[in-house]
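Novice: Sharing a structure with you now.
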2 protein chains.
Amino acid sequence: MSNSTLNIVKIGGNVIDDDIQLETFLEKFAAIPGKKILVHGGGKIATRLASKLGLEAQMVEGRRITDKDMLDVVTMVYAGLTNKKIVATLQKYLCDAIGLSGADGNVIKAVKRPVKEIDYGYAGDILADSVNSLAIKKFLDAGFTPIFSAITHNGSGQLLNTNADTIASALATAMADHYEASLIYCFEKNGVLLDVNDENSVIENITAKDFTTYRERGIISDGMIPKLQNAFDAIHKGVKSVYVGNASNLHLFQQQKFGTCLVNK
Amino acid sequence: MSNSTLNIVKIGGNVIDDDIQLETFLEKFAAIPGKKILVHGGGKIATRLASKLGLEAQMVEGRRITDKDMLDVVTMVYAGLTNKKIVATLQKYLCDAIGLSGADGNVIKAVKRPVKEIDYGYAGDILADSVNSLAIKKFLDAGFTPIFSAITHNGSGQLLNTNADTIASALATAMADHYEASLIYCFEKNGVLLDVNDENSVIENITAKDFTTYRERGIISDGMIPKLQNAFDAIHKGVKSVYVGNASNLHLFQQQKFGTCLVNK
């Protein structure tokens, strides 16, 4: 007996920042048949709001330092404004979406990042047992499509700011116990590119060994490295397949023509 | 065969504005056994945030005029910051809370208030069929405690700002088809008072006829009138009982010593 399939889609900030792109993307997401989950990042709205409120966004190595005021801002924007706009738009396209932070239904419990050289503040790290897959399965079995913002909690009343790519990967890994889970990272490029300046140079399939080679040659670099590391990590932990591609091509996913497919071998 | 009981609790702004009062209240709410729902208002955080952003809060007859920017603010604060803080705190007290706007699971669909003398902007009115009681029953049956912010949607992608008292009353009425539903309005007074300056003058039981009499005599006035009208309306539509009392006395609810009980006769 094969498990039913579950597609976990991650959408990044640049699409969220553009109302028209976002709606087009959500229409395509709504059209994916079967059980599915969406994980969304934050976009620039939180940074702009923080700036209007006189808070300075502090970033270290691409990660936000989340002090108490900034946690309020990202909770408002990610779990409030962005999440609810996405949910309302999906309802319009007859996708029965339900927005979740990690606190809702206790679906994702993180730990406050330990202070070493840097104090990241209210940043939440995901552990192996962070994802409550049974609670999420309840929502899926009841016919709902969970929409995750990147806000988690520690189980003791504290909300935490967590990396959305990491959440997507952890969700896929945990849900692979119950479903044939696929993970689909949507971003602004057509996939993993042989030539970063040529959107037609998409690598269709990539193994972990290829990844190492491409990385050594400098073909894959910067922000793509942690994304692919997360993705291969998910495959090694039981996720059936991982795709990386352009949000505007999501309709091609059903035809298996979407972006780069990470291969398990 | 009697239906199982369902308690629907409404908490107002003044408790939400005070972190310590709010946590104390939530600990008491978490301790109520059986199926339950919480509906929360907004408090002053939205008004303060709007003011910091240079938006002016416009009120007409106690109702907020919700323009596009103000809708973003109340969505951020009500459905984001306040709702998620409440959910995370309830999880701490082992209440498996899940935060919902009306868009989540399509649980409450409202209509944008028609423009007559006043354009209320993105204000949502509740209709007789607004509440999706079957979707809410799914959450309750799965063991979750729904926490409603006062944000709804129109089913076509538009979020709307809705009165929290009205949501509580509409929820109780709709859920009365499935449960022995009780509605508990928590606010800053000990109940309906014979003397507004004496917190010990609580009227323990009040009928619709008493309400008319007290109103004519001026004993009940101002903000209490729409609250009680909503409440009697709910009773006439099948809600078993309605209570009005002090949030800090919620622990007395189980002993039937809480505030004023509205009686159906």
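Read-outs: derived from the displayed coordinates by stated rules, not from any lab. It should be emphasised that the depicted structure is a prediction, and the values quoted were computed from it without experimental measurement. With ideal geometry, Cβ positions are generated from the backbone for all residues, glycine too; neighbour counts draw on all protein chains shown.
Novice: Among bridges DSSP assigns within segment A:86-202, what percent are antiparallel (round to 5)?
Specialist: Close to 55 percent.
Novice: Which cross-chain or sequence-distant (5 or more) residues have an amide H under 5 Å from the amide H of B:Phe148, H modelled 1.01 Å from N in plane?
Specialist: B:Leu38, B:Val39, B:His40, B:Leu100
Novice: Let me confirm one metric for peptide A:101-113, namely the mean number of other chain beta-carbon atoms within 10 Å of its residues' beta-carbons.
Specialist: Mean number of neighbouring Cβ atoms from other chains: 5.
Novice: Given the options A:Asp129, A:Asp233, A:Asp165, state which has the largest fluctuation in a GNM of chain A using a 10 Å cut-off (strictly under) for Cα springs.
Specialist: Highest fluctuation of the listed residues: A:Asp129.
Novice: With θ set to phi - 60°, apply the Karplus curve 6.51 cos²θ - 1.76 cosθ + 1.60 along segment B:83-90 and write out the HN-Hα couplings as whole Hz, x wherever there is a Gly or Pro.
Specialist: 4, 6, 4, 5, 4, 5, 5, 5
Novice: Another question, then. Over segment B:113-228, what relative contact order in percent results from Cα pairs under 8 Å that are six or more residues apart?
Specialist: Numbers: 91 pairs, mean separation 19.4, N = 116.
It rounds to 17 percent for segment B:113-228.
Novice: Please compute P(r) over all alpha-carbon pairs of segment A:5-263, binned at 10 Å starting from zero, and give each bin as a whole-number percent.
Specialist: 7, 32, 37, 21, 3
Novice: Which whole-Hz ³J(HN,Hα) couplings does segment A:28-33 yield from phi under the Karplus relation 6.51 cos²θ - 1.76 cosθ + 1.60, θ = phi - 60°, glycine and proline marked x?
Specialist: 5, 4, 4, 7, 5, x
Novice: What does the average come to when, for each residue of peptide B:235-242, you count the partner chain Cβ atoms lying within 10 Å of its Cβ?
Specialist: Going residue by residue through B:235-242 and averaging, the value is 0.
Novice: Continuing with the same structure: Between the DSSP loop rule and a limit of at most 10 other Cβ atoms within 10 Å, which GluC sites (Glu not before Pro) in segment A:171-226 are left?
Specialist: Nothing satisfies the criteria.
Novice: Do you know the relative contact order of chain A, to the nearest whole percent, from alpha carbon pairs under 8 angstrom that are 6+ apart?
Specialist: Value for chain A: 22 percent.
Novice: Evaluate the distance, in nm, between pseudo-label points positioned 7 Å from the Cα of A:Asn249 and of B:Ser221 along their respective Cα→Cβ axes.
Specialist: 7.0
Novice: Counting Lys and Arg as +1 and Asp and Glu as -1, each charge on the Cβ, what is the dipole of segment B:112-207 about the Cα centre in debye, to the nearest 20?
Specialist: With only Lys, Arg, Asp and Glu charged at Cβ, the dipole is about 540 debye.
Novice: Here is a further query. What are the nm distances, shortest first, from A:Asp125 to its equivalents in the other copies, labels at 7 Å along Cα→Cβ?
Specialist: 5.5
Novice: Along Cα→Cβ, 7 Å out, is where each label goes; now give me the distance between the ones at B:Glu204 and B:Asp17 in nm to one decimal.
Specialist: Reported label-point gap for B:Glu204 and B:Asp17 is 3.4 nm.
Novice: Continuing with the same structure: Taking H as built 1.01 Å from N, whose amide H comes closer than 5 Å to the amide H of A:Ala103, not counting residues under 5 places away?
Specialist: A:Ile108, A:His153
Novice: To continue, here is another question. Where in segment A:211-245 does the label zone of A:Ala128 land, with the point 7 angstrom along Cα→C-beta and an amide N cut-off under 13 Å?
Specialist: In segment A:211-245, the label zone of A:Ala128 (backbone N under 13 Å from the point 7 Å along Cα→Cβ) covers A:237.
Novice: Counting only Cβ atoms, what residue of chain A lies nearest to the axis that sends chain A onto chain B, and how many whole Å off?
Specialist: Here the nearest residue and distance are A:Gly80, 1.
Novice: Long-range amide H contacts for B:Tyr185: which residues qualify at under 5 Å (H placed 1.01 Å from N, peptide plane, sequence gap of 5 or more or a different chain)?
Specialist: HN-HN under 5 Å from B:Tyr185: B:Lys10, B:Tyr243, B:Val244, B:Gly245.
Novice: Please give the length that would be gained between B:Asp119 and B:Tyr93 if that part of the chain were fully extended, namely 0.36 nm times their separation in residues minus their C-alpha to C-alpha distance (nm, one decimal).
Specialist: On the way: separation 26, 0.36 × 26 = 9.36 nm, distance 4.20 nm.
Stretched out fully, the B:Asp119 to B:Tyr93 stretch lengthens by 5.2 nm.
Novice: Something else: When ranked by the protection proxy of mean other Cβ atoms within 10 Å per residue, highest first, what sequence do the peptides B:10-19, A:155-164 form?
Specialist: Final packing ranking: A:155-164, B:10-19.
Novice: Something else now. For segment B:137-265, just say rounded, prolate or oblate: build the C-alpha gyration tensor, square-root its eigenvalues into a ≥ b ≥ c, call rounded for a/c under 1.5, and beyond that prolate if a/b exceeds b/c, oblate if not. It would help to have the intermediate numbers written out before the result.
Specialist: On the way: a/c = 1.84, a/b = 1.58, b/c = 1.17.
Prolate shape, in that a/c is at least 1.5 and a/b is the bigger ratio.
Novice: List the distances, in nm to one decimal, from the label point of B:Lys265 to the label points of the same position in every other copy, shortest first, placing each label point 7 Å from Cα along the Cα-to-Cβ direction.
Specialist: 8.1
Novice: Pick out, from A:Ala181, A:Gln229, A:Val87, the residue whose Cα sits farthest towards the positive end of the charge dipole of chain A, with +1 on the Cβ of Lys and Arg and -1 on the Cβ of Asp and Glu.
Specialist: Of A:Ala181, A:Gln229, A:Val87, it is A:Ala181.
Novice: Using the Kirkwood formula over every pair of different C-alpha atoms, what hydrodynamic radius in Å results for the protein assembly as shown? Intermediate results must be reported in sequence, preceding the final value.
Specialist: Details: mean 1/r = 0.0414 Å⁻¹.
Hydrodynamic radius (Kirkwood, Cα only) of the protein assembly as shown equals 24.1 Å.
Novice: Here's a follow-up. Using the Kirkwood radius over C-alpha pairs as Rh, can you work out the diffusion coefficient of segment B:54-116 via Stokes-Einstein at 4 °C, viscosity 1.567 mPa s, in µm² per second?
Specialist: Translational D for this selection: 93 µm²/s.
Novice: Lysines within cross-link reach of B:Lys68: Cα-Cα under 23 Å, excluding same-chain residues under 8 positions apart?
Specialist: Those lysines meeting the cut-off are A:Lys44, A:Lys52, A:Lys84, A:Lys85, A:Lys92, B:Lys44, B:Lys52, B:Lys84, B:Lys109, B:Lys112, B:Lys116.
Novice: Also, I was wondering about something else. Rounded to the nearest 500 deg cm²/dmol, what is the calculated helix-only ellipticity per residue at 222 nm for chain A, with -39500 (n - 2.57) per DSSP H run of length n ≥ 4?
Specialist: Rounded to the nearest 500, the figure is -9000 deg cm²/dmol.
Novice: Considering only DSSP beta bridges whose two residues both sit in the protein assembly as shown, what percent are antiparallel, to the nearest 5?
Specialist: So the antiparallel bridges in the protein assembly as shown amount to around 30 percent.
Novice: How far apart are the B:Asn205 label points across copies, placing each 7 Å from Cα toward Cβ, in nm, shortest first?
Specialist: Here the equivalent label points are 7.7 nm apart from this one.
Novice: Another one. Would you mind computing Rg(Cα) / (2.2 N^0.38 Å) for segment A:1-141, counting N as its residues?
Specialist: That ratio works out to 1.15.
Novice: Which of A:His40, A:Gly218, A:Leu53 sits closest to the plus end of the dipole of segment A:5-263, meaning its Cα is farthest towards the positive end, when Lys and Arg get +1 and Asp and Glu get -1 on the C-beta?
Specialist: With unit charges placed on the Cβ atoms, the residue in question is A:His40.
Novice: Report, as an integer, the average count of C-beta atoms from other chains found within 10 Å of each Cβ along A:73-79.
Specialist: Per-residue shielding by partner chains comes out at 6.
Novice: Have a look at the DSSP beta bridges in segment B:5-263 and tell me what percent are antiparallel, nearest 5.
Specialist: Close to 30 percent.
Novice: Right, another one. Tell me, what ³J(HN,Hα) does each residue in segment B:219-229 have, in order and in whole Hz, if you take phi through Karplus 6.51 cos²θ - 1.76 cosθ + 1.60 with θ = phi - 60° and put x for Gly and Pro?
Specialist: Computed from phi, the couplings for segment B:219-229 are 6, 9, 8, 6, x, 5, 5, x, 4, 6, 4 Hz.
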